[in-house]
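The values are calculated or read from the model by the stated rules, or taken from the named source; none is laboratory data. Note that this is a predicted model, so its numbers are computed, not measured. FYI the Cβ positions are ideal-geometry reconstructions off the backbone, even for glycines, and counts take in every protein chain you see. The accessibility values were calculated without ligands, DNA or RNA, using every heavy atom of the protein model including side chains. Shrake-Rupley method; radii C 1.70, N 1.55, O 1.52, S 1.80 Å.
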Amino acid sequence: MRANILMKLAAVLLITTAGSHQAAEAHSADSSKFTHHVRVNVRPSYLLPTHRFFRGENELGKRLDKSGSAHLQYSFSFPSGSHFGKLYPTAYQGFGVAFNTFFDHKEIGDPAAVYVFQGARLAQISQKLSLDYEWNFGVSFGWHPYDPYADLHSYVNEYNMVVGSRVNAYINFGLLLSWRPFDNWTLSAGVDLTHFSNGNTYYPNAGVNTVGGRIGASRSFGPTNTNSRTNAQIINEYSSLKNLRFAERMSYDILIYGAGRAKGLIWNDTPYIAEGKFGILGLNISPLYRVNKFFRTGASLDVQYDESANVGEYVAGTGDDGNIRFYRPPLNEQLGIGLSLRAEFVMPIFSVNIGFGRNIIYKGDELKGFYQTLALKTGIYKGLYLHIGYKLHDFHDPNNLMLGFGWRFGNR
């Protein structure tokens, strides 16, 4: 129902604005104006059966393997005469809203999402056809979480041991074929991947994952950037970096972050979810080498204090309320110091950072093993950026969110 309303609203917007086509043409030669875009798309998807709840252990008693969403997006492109317009002529960035369904409203809900997104051209296939990418990153709300005692709902929701919170992070990545049949109009189709999770802030947190298709249309307003170069071609043009010394191509990121996380464990063969939240505090120091204008790589010294680490070894018992109690572990069993390799994709406003590392100074089994990070850095002012990240343990176990601020030194 919500998806239908959204599509009707988008259609009205596109039809209403189509009359301004000639006005937009008049500005096509103006290199000092931003270009604005209104996009609508629908995304039918396959719901990956990663949990027994999706494989049929639900109130409906059937396999849940379908999902869908409808999106309305606004974005802008930088003026063609600006620094970013020359360096990233096909990039666009903005914000969107979406309505999702998993065809089980009672147990899962039909969550909405708000998000920022960015995309650009990967390859020019023909004069009117290109291969593009787009990522979405935001928050979704309106989920129906696990509720065995009807504390949150007017009914028992005991089968849904996948979602533990009303609000979850939303992450999406897609590859698109974009066709421009007319000036200022674009039709697109492609494939995408989506992940929903709360970053272990609540239990359960098995995650919801989909893979599917996407089809949509876009209307642009304002001047048209006729520069059709791909990122690879621009890299060759902006080759002055090769004349810089190694030290001049280095930048240094210092990040301080924190978060809260839930903790579950098995004690005396009985599963428990610890009451309240455990604190996370971290520091990253990352020297990064600028390979080109779009890519940085390097290493990071990662220090993280996790108040929940190894508490399973210090169980004091259960209280009168039935909640499990702990003694506080020593600091060296809750502090991990690691080294990670980093790769960072750089675009206007946003950077996407990926890390792969291992603790080298630690004590206790819970800090042992490899960890992975995925983060979005949003530039705020000069070297200051907002960091929103997610940390995994051994590629599959959700560990914690990484919410903080960082400063980049040597950012020429």
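Data for the structure
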| quantity | calculated |
| --- | --- |
| Estimated vicinal HN-Hα couplings, Hz - segment 107-119 in sequence order (Karplus 6.51, -1.76, 1.60; Gly, Pro = x) | 8, 10, x, 10, x, 9, 9, 10, 7, 9, 8, 8, x |
| In degrees, nearest ten, helix 2-17 long axis to first principal axis of the chain (Cα) | 20 degrees |
| Peptide ranges 55-62, 359-366 listed from the most packed, as the mean C-beta count within 10 angstrom indicates | 359-366, 55-62 |
| Sulfur and carbon atoms: percent of accessible area, the chain [1.4 Å] | 63 percent |
| Rg and Dmax [Cα atoms of the chain; Å; Rg one decimal, Dmax integer] | 23.7, 75 |
| Cα centroid separation, segment 293-368 to segment 249-277 (Å) | 7 Å |
| For the chain: accessible area per residue (Å², 1.4 Å) | 49 Å² |
| Fraction in percent of alpha-carbon pairs per bin - 10 Å, segment 125-232 | 13, 31, 23, 17, 12, 4 |
| The chain - charge dipole about Cα centre, Lys and Arg +1 at Cβ, Asp and Glu -1, debye rounded to 20 | 1760 debye |
| nm² value of the averaged projected area, convex hull over the Cα atoms of segment 44-187 | 10.4 nm² |
| Tensor-based shape of segment 256-364 (alpha-carbon gyration tensor, a/c under 1.5 rounded, otherwise prolate or oblate) | prolate |
| Two-site FRET efficiency, Thr270 against Tyr305, from Cβ-Cβ distance with R₀ of 35 Å, rounded to 0.05 | 0.80 |
| Alpha carbon convex hull of segment 311-412, projected area averaged over orientations, nm² | 8.9 nm² |
